[in-house]
Structure formats: C-alpha cells, structure tokens
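Here the structure is laid out as structure tokens; the discussion comes afterwards.
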Amino acid sequence: MSRQMLVDAGVLLAGLASGIASGMFGIGGGVILVPILGLLLGFSQHRAQGTSLVALIPPTGLLAVIAYAKSDYVSWQTGLLLIPGVFLGGIAGGNLAKRIPAARMRRIFASLMFLLGIWQVFSALRG
C-alpha cells in the first residue's frame, strides 16, 4: 500500500471521526480535524484550519441541523441572529490568521483548546 493511500485512508477516518463528533457534540473541525491534519498528516496550521472549514461547513453543518431540527433541538431565532456575526467574524478571522506565523497560530490554537477544556471540566463538575 502506497503512502498516499495510507494518507487518504487517514483523511477518510479523520472525516468520519469529525462527522460523528460534529453530529453528537457540535464540534469537529477545530477539535478533531485541525489537530489530525496538522499533527498527524503534516499540514501547516493555516492549511489544516482552512481545509477543515471546507469539509465541515456545507455538508456536515446542513445535515446536522436537519437532524437536530427534527428533534426540535434548534433555536431558529438564535441561530439566524448568529449568522451575520459568524459570517463577518469568519472573514475577519481568516484575514487576521494570514498575518500570524504558523508556529504562533498553533500555540494560540493549543492554548484556546486547553482553556476551553478546563472550562468544560469545571462546568461539568458544577452541574
């Protein structure tokens, strides 16, 4: 089996893991795909982040919304109010990310994931 076939199989498995996490927890790209693409498959931090956006937003987002909506787990008003901020913030964040060196971007990303993890642990213990 060639190296490219192994990489392709790894990408497919990463997509599967990310899709499951996205559907179950509303996470996937940042938490699952970016680390796998960056750390295991050698993508730069910027390329990993950009690639995860391509994979997650259109197909997974739409299908996950449909699944949650069928169970009445979607606040449409809140979701629609989030769209302009996410849209404009995505543009601003993408432009800002281009100015940050890859090593610094990875440290910022890791710090954010660590802090969010701590917050989740304490929130889970309280509630």
Collect the residues in the stretch 12-48 that are at pLDDT 85 or above, crowded, with 20+ Cβ neighbours inside 10 Å and of a type in the set (S, T, N, Q), keeping them in residue-number order.
-> Q45
Whichever residue in the stretch 49-64 is under 19 Å from R106 (Cα atoms) and of a type in the set (S, T, Y) and, among such residues, is surrounded by the fewest Cβ atoms within 10 Å (Cβ to Cβ) = T51
Hey, among the residues in the stretch 75-102 that are farther than 23 Å from I32 by Cα and not in a helix (DSSP H, G or I), which one's modelled with the lowest pLDDT?
-> S75
Number of the condition not met by M105 [criteria: (1) part of a helix (DSSP H, G or I); (2) in contact with a helix residue (DSSP H, G or I) (Cβ under 7 Å, 6 or more places away or on another chain); (3) without any contact (Cβ under 8 Å) to a residue 40 or more places away in the chain] = (3)
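Among the residues in the stretch 24-40, are any in a helix (DSSP H, G or I) and more than 25 Å from R107 (Cβ to Cβ)?
Initially, the stretch 24-40 is screened for residues in a helix (DSSP H, G or I), giving 24-25, 29-40.
Keeping just the survivors that are more than 25 Å from R107 (Cβ to Cβ) gives 24.
Scanning the stretch 24-40, I find at least one residue that is in a helix (DSSP H, G or I) and more than 25 Å from R107 (Cβ to Cβ), so the answer is yes.
The values are calculated or read from the model by the stated rules, or taken from the named source; none is laboratory data. Owing to the predicted nature of the structure, the values given are computational and were not obtained by experimental measurement. Cβ sites come from the backbone with ideal geometry, for glycine too, and all protein chains shown count toward neighbours.
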